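Here is the structure we will look at.
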Amino acid sequence: MVFEVDYKKQIEQARDLYKSNAEHYINTAKLLYEKKADPALITAAFFHGVKFYDIPQQNYKIDGEVRELVHHFQQHFKSQERVEFKSNLEDITLNPKIFLLRLMDQKERVSNPSTSEKKRLEAADRILKIYAPLAELMGLHEMASEIKNTAFAVKQPVEYERIKNFIEKQNFEEKLDEIKKVLVEKLENAGLKFTLSSRVKSPASIFYKKRKINDYIGVRVIVDDMESVEKASVIVKSLGGLVEEKDYIKNKKPNGYQSLHLIMEGEVRGEKTPFEVQIRTKEMDDKIQQSEDIKHAFYKSGLNKQLDPKMEVIKKANQLIDQKRESEAWRLIEKAVRYDLINVKVKVGGAEFDLNLPKNSTVLDAAFNLPKNIPKMESLNPFHIGHYVKGSLVNNKNVGKDSVLKDGDELELRVGRKAQKHSLDLLRKVVTSNALKGLKENEEIFSKKQR
């Protein structure tokens, strides 16, 4: 199968298959290759613009699964948006790989500056009306947000720049850092176990949200149980500036959604700043990830007025999508396009660890997320190994403690015999609660030494 032996060699050979626009098909396949997708899906991406009788059989063996994927892809594009949306919805229930292939095809078109303006605009339109809503439906939230923003920049370049400049002028990223820092400290002091995620609303999300926006800045706190939800709620309210409380835990939404939403407007970096904090249990969060409402996807696509939400295809999709999440194809997609997590291999003191970390994690995030007790390194007690990091290699290259890691990186930590002082500036760089906690402990360790 293509790409199994020599990717670069196959790329060069493939150019002979295309009379024009070879780069698009090669790059689409490359996107999937870099995501470590399975060979059948990569091969289908490679050939999705070629008629099978034009493929020299002596060079390429095409199996049944590849033929099926390419056939579905080539039969797919129609002139009517509602037909295309319905076709994708049906195919997701049959084989999610087909949808992923189409999504990567459109992503490459809209991202490639060498693509003609007409084709980029067409791809941007498809992404905004069809692929981003369906990616949300499949639970690929980070992917949906990214492709929607990329498409918006192509479709509405003036508005994109205007909103982007507004976000930068308001210093939302810096304000978010400040809010997170305060929240993490208060939640930790209360002894709560939690995970915290956050975001600044993208230009595309701001533009397409028609009502008043109270959540340019959003923070989500996931805790273990309802008692912890109540404690976290009291802590958030203690910041002052509660504007509105929406309790979707007591008043569950019709689609089963449960979460506590607190709309706040507090003093952040000397300015009144609106932000939203969502609090829910891990069980509630898991249910949200597993049961996206298809009607909501239709609403986001702008097709809800054209399509009857009671259509049999929607009923069928509602039933089948949850079943398909258990299939190999779904697991492939979750692994291939899981933008919110990266996998890093870490070596330290002769031991090796396989870590899954949030996107944008740094070297110190990895260090402070290692187990406290590492074989052959007991002499470093009583402190966590993160305090002893004095240098690091990523893919055999020297990097700083604040270096951002990428999926698939190999990290080797160099540790000293004594605890190392870490700069407090790193508080703005790390993204995990363990690293935030570790840096605060590090400051306390060296404050005591100076007394």
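General remarks:
- Residues that are of a type in the set (A, V, I, L, M, F, W, C), farther than 15 Å from Phe275 by Cβ and surrounded by fewer than 16 Cβ atoms within 10 Å (Cβ to Cβ), drawn from the range 207-264: Met226, Val234
- Residue match in the range 231-239 (condition: of a type in the set (A, V, I, L, M, F, W, C), in contact with a Leu (Cβ under 7 Å, 6 or more places away or on another chain) and within 30 Å of Arg109 (Cα to Cα)): no
- Check on Val394, modelled with pLDDT of 90 or more, surrounded by fewer than 20 Cβ atoms within 10 Å (Cβ to Cβ) and either closer than 19 Å to Asn434 by Cβ or of a type outside the set (Asp, Glu) (or both): yes
- Restricting the search to strands (runs of 3 or more DSSP E) fully inside the range 207-279 and requiring at least 2 residues that are in contact (Cβ under 8 Å) with a residue 12 or more places away in the chain, touching a Ser or Thr at 6+ places or on another chain (Cβ under 8 Å) and assigned by TED's automatic domain parsing to the domain that holds Ala190 gives 217-223, 260-268.
- Odd one out for Glu443, checked against (1) at pLDDT 85 or above; (2) within 19 Å of Ser197 (Cα to Cα); (3) in contact with a Leu (Cβ under 9 Å, 6 or more places away or on another chain): (2)
- Criterion: at pLDDT 85 or above and closer than 30 Å to Leu32 by Cα - qualifying residue of Ser145, Ser202: Ser202
- Every residue from the range 392-413 that is part of a strand (DSSP E or B) and over 13 Å from Ala366 (Cα atoms): Lys397, Asn398, Val399
- Here the range 428-451 is the region considered, the condition is being of a type in the set (A, V, I, L, M) and within 22 Å of the chain's Cα centre (by Cα), and the residue that is farthest from Lys359 (Cα to Cα) is Leu436.
- The set of residues from the range 404-426 being surrounded by fewer than 18 Cβ atoms within 10 Å (Cβ to Cβ) and touching a residue at least 40 places away in the same chain (Cβ under 8 Å) comprises Val404, Lys406, Asp407, Gly408, Glu410, Glu412.
The values are calculated or read from the model by the stated rules, or taken from the named source; none is laboratory data. Just so we're clear, the structure is a prediction, and the values are computed from it rather than from any experiment. Cβ: placed from backbone, ideal geometry, glycine included. Neighbour counts: every protein chain shown.
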